[in-house]
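The values are calculated or read from the model by the stated rules, or taken from the named source; none is laboratory data. These figures come from a predicted structure and were not determined experimentally. Here the Cβ positions follow ideal geometry from the backbone for every residue, glycine too, while neighbour counts run over all protein chains shown. To get the accessible areas, we keep the full protein, side chains included, count just its heavy atoms, and leave off ligands, DNA and RNA. Shrake-Rupley method; radii C 1.70, N 1.55, O 1.52, S 1.80 Å.
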Amino acid sequence: MAKAPLIILAGPSGSGKSTIISRLLHERGLPLRLSVSATTRPPRPYEQNGVHYYFWTREQFEKQQQAGAFLEWAMVHGHYYGTLRSEVDEYRAQGIGVLLDIDVQGAAQVRAQYPDCLSFFIRTSSWEEYERRLQKRGESPESIAQRLATARRELERMHEFDHVIINEDLDLAVAQVRREIEKAFQKGSA
Ligand code: 5GP
C-alpha cells in the first residue's frame with residue numbers, strides 16, 4: 001500500500017500556521033495527524049507534555065539525537081526542537097497523513113530525506129501584520145523582537161517550498177492547503 005503524505009507547514013510565528021493546522025485536523029474527511037515534536041523549551045502555561053510537545057531536558061534530547069531517533073532537529077530561539085521518527089513512519093504506513101509544524105531548517109532536512117513530501121510556507125500579506133499578531137498574543141518585547149528577526153530570515157527561504165500560502169483570509173488559506181493535500185492522497189505517494 002502506498003504511504004500517506006508527509007506534509008510540512010512552516011512559516012514565521014504569527015503567520016497563523018497553528019490555526020490552519022487545527023482547522024485541517026478538525027475538518028472531517030482527511031485522515032491526518034499532527035506529529036508531536038520534542039523540545040527543550042519550557043512549557044507555556046496551557047501546554048501539556050505529550051500533547052503539544054514532549055518537553056525534554058537537554059540531556060534527554062541529546063541522548064535521543066545520538067540514538068538516531070530524530071527525522072530532523074534544529075535549534076530555534078535557543079532551544080532544541082525535533083521530529084521523532086516514531087511520530088511519522090508507522091502512521092503513514094497505516095494511511096494516515098502526517099503534518100509537521102516545523103521551522104525552515106527542519107523543513108530542508110525532511111525534504112532531503114523525503115523528496116516527495118508536500119511543503120507549505122504560510123505567511124501574512126504584510127510585515128506589519130506579524131507585529132500586530134505577536135503583540136496580540138501578549139509576547140514580551142524581547143520575544144517579539146527575536147521572533148521578528150527569525151521571521152525575516154525565514155521569509156528569505158520561502159522559495160524552497162512547494163506552495164507559499166498567504167494567510168489573509170483563513171477559510172481561503174485552509175481550502176488552498178486542503179486541496180493540495182487531497183491531491184497528494186490521490187497520488188498515493190508522497
Ligand atoms: P514555538 O516555541 O512557538 O512552539 O515554536 C517555535 C518554532 O519552532 C516554530 O517555527 C515551530 O514550527 C518550530 N518547531 C516546532 N517543532 C519543531 C520541530 O520538531 N522541528 C523543527 N525544526 N522546528 C520545530
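I'm trying to understand the selection: among the residues of region 121-153, which are touching a Phe, Trp or Tyr at 6+ places or on another chain (Cβ under 6 Å) and modelled with pLDDT of 95 or more?
Within region 121-153, just F121 meets the criteria.
Would you confirm, using the coordinates I've provided, whether S86 is within 9 Å of the ligand (Cβ to nearest atom) and not acidic (D, E)? Break it down into steps so the answer makes sense when it comes.
Values: within 9 Å of the ligand (Cβ to nearest atom): no; not acidic (D, E): yes.
In short, no.
Answer with yes or no whether A151 is open to solvent by 50 Å² or more (accessible area, probe 1.4 Å) and either at positive phi or within 16 Å of the ligand (Cβ to nearest atom) (or both).
Working: open to solvent by 50 Å² or more (accessible area, probe 1.4 Å): no; either at positive phi or within 16 Å of the ligand (Cβ to nearest atom) (or both): yes.
Against the criterion (open to solvent by 50 Å² or more (accessible area, probe 1.4 Å) and either at positive phi or within 16 Å of the ligand (Cβ to nearest atom) (or both)), A151 does not qualify.
Residue check: is R44 within 12 Å of the ligand (Cβ to nearest atom), outside the structural domain of T150 (by TED's automatic domain parsing) and not acidic (D, E)? First the steps, then the outcome.
Numbers: within 12 Å of the ligand (Cβ to nearest atom): yes; outside the structural domain of T150 (by TED's automatic domain parsing): yes; not acidic (D, E): yes.
So R44 passes the test.
Of everything in region 106-133, what is more than 22 Å from S37 (Cα to Cα) and in a helix (DSSP H, G or I)? Give them in sequence order. Outline the logic, then answer.
Going through region 106-133, the residues more than 22 Å from S37 (Cα to Cα) turn out to be 124-133.
W127, E128, E129, Y130, E131, R132, R133 - these are the residues of region 106-133 that are more than 22 Å from S37 (Cα to Cα) and in a helix (DSSP H, G or I).
In region 72-81, is there at least one residue being among the charged types (D, E, K, R) and within 13 Å of the ligand (Cβ to nearest atom)? Before you say what the answer is, go through the steps one by one.
First, the residues of region 72-81 that are among the charged types (D, E, K, R): 72.
Those left that are additionally within 13 Å of the ligand (Cβ to nearest atom): 72.
Yes, some residue in region 72-81 is among the charged types (D, E, K, R) and within 13 Å of the ligand (Cβ to nearest atom).
Of everything in region 75-105, what is in a helix (DSSP H, G or I), without any contact (Cβ under 8 Å) to a residue 60 or more places away in the chain and within 20 Å of R152 (Cα to Cα)? Give them in sequence order. Lay out the reasoning, then the answer.
We begin by selecting, within region 75-105, every residue in a helix (DSSP H, G or I); these are 85-87, 89-93, 104-105.
Those left that are additionally without any contact (Cβ under 8 Å) to a residue 60 or more places away in the chain: 85-87, 89-90, 105.
Hit for region 75-105 is Q105, nothing else.
Name, by its number, the condition in (1) part of a helix (DSSP H, G or I); (2) assigned by TED's automatic domain parsing to the domain that holds T124; (3) open to solvent by 40 Å² or more (accessible area, probe 1.4 Å) that does not hold for E59.
Unmet for E59, out of (1) part of a helix (DSSP H, G or I); (2) assigned by TED's automatic domain parsing to the domain that holds T124; (3) open to solvent by 40 Å² or more (accessible area, probe 1.4 Å): (2).
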